[in-house]
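**Student:** Before anything else, here's the structure in question.
The values are calculated or read from the model by the stated rules, or taken from the named source; none is laboratory data. All values derive from a computational prediction rather than experimental measurement. As a convention, Cβ positions derive from the backbone with ideal geometry for all residues, glycine included, and neighbour counts pool all protein chains shown. Just the protein is used for accessible areas: all its heavy atoms, side chains included, with ligands, DNA and RNA removed. Shrake-Rupley method; radii C 1.70, N 1.55, O 1.52, S 1.80 Å.
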Amino acid sequence: MHTIRIGNLAMTGFVLATTRKAPMARYIRLLAQLPPALLALIFGAQGIMWLIRPTSAARFWGFPVPEGGLGLSSMIGALASWCLIIALCLLLALIRKQRIWYYPPMMMFGLFAIGRIVAGVAHGAPLLPERFIPELVFVGLLFLASRATGAPRAA
């Protein structure tokens, strides 16, 4: 029998080789996009919360807000921008379907986890696995989503 190849499709006779796998692959791709979408919503809401109600946002993270001055300004600016950058990068990854937009949030979550571990081991901060394990899980989920997105497109 003669086999015809078009891209990743192979046709032998009248049977298309990838017809059974295509729906499952589509579901897996959609499922892989769910964690980034949820993370984008959570961190987008947190970023906005840091801008409009920093005391409530700080309660979510488990630390007090400084009384005023440079500490308050730095905390609001840094944490609002951190949350909003994660949300915007994830939204761009989902909308543009470009895996490169997953990389900044993956690096941020990974480096936050490493920073927490170093703070606990080298500087006497409490070692809190309930904080850094989810960050490492987020890195893994975003990696899977980036792999499901496909090859990077030219800009």
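**Student:** If we count every other residue with Cβ under 14 angstrom of Leu142's Cβ, Lys/Arg +1 and Asp/Glu -1, where does the sum land?
**Tutor:** +1
**Student:** Taking a ≥ b ≥ c as the square roots of the Cα gyration tensor eigenvalues, with a/c under 1.5 meaning rounded and otherwise prolate when a/b beats b/c, else oblate, which class fits segment 42-141?
**Tutor:** It comes out oblate by the Cα gyration axes.
**Student:** Measuring with a 1.4 Å probe in the full set of protein chains, what accessible area per residue, in whole Å², belongs to segment 42-155?
**Tutor:** In whole numbers, segment 42-155 has 59 Å² accessible per residue.
**Student:** Beta carbons within 10 angstrom, averaged per residue: use that to sort the peptides 91-99, 23-31, highest first.
**Tutor:** Peptide ranking by packing, descending: 91-99, 23-31.
**Student:** Still on this model: When the accessible area of segment 36-138 is split by element with a 1.4 Å probe, what percent falls to carbon and sulfur?
**Tutor:** The nonpolar share, carbon plus sulfur, comes to 76 percent.
**Student:** Taking only C-alpha pairs under 8 Å that are 6+ residues apart, what is the relative contact order of segment 91-155 in percent?
**Tutor:** 44
**Student:** Can you give the FRET efficiency for Ser74 and Ile28, using 1/(1 + (r/R0)^6), R0 = 41 Å, r = Cβ-Cβ distance, to the nearest 0.05?
**Tutor:** It comes to 0.45.
**Student:** Sticking with this structure for a sec: Which order do peptides 70-79, 105-114 fall in by mean Cβ count within 10 Å, highest first?
**Tutor:** 105-114, 70-79
**Student:** With a 10 Å radius around each residue's Cβ, average the other Cβ atoms per peptide and rank 38-44, 130-136, highest first.
**Tutor:** Packing proxy ranking, top to bottom: 38-44, 130-136.
**Student:** Here is a follow-up. Which distance in nm do the two modelled labels at Arg53 and Val65 give, with both placed 7 Å along the Cα-to-Cβ direction?
**Tutor:** That separation, rounded to one decimal, is 1.0 nm.
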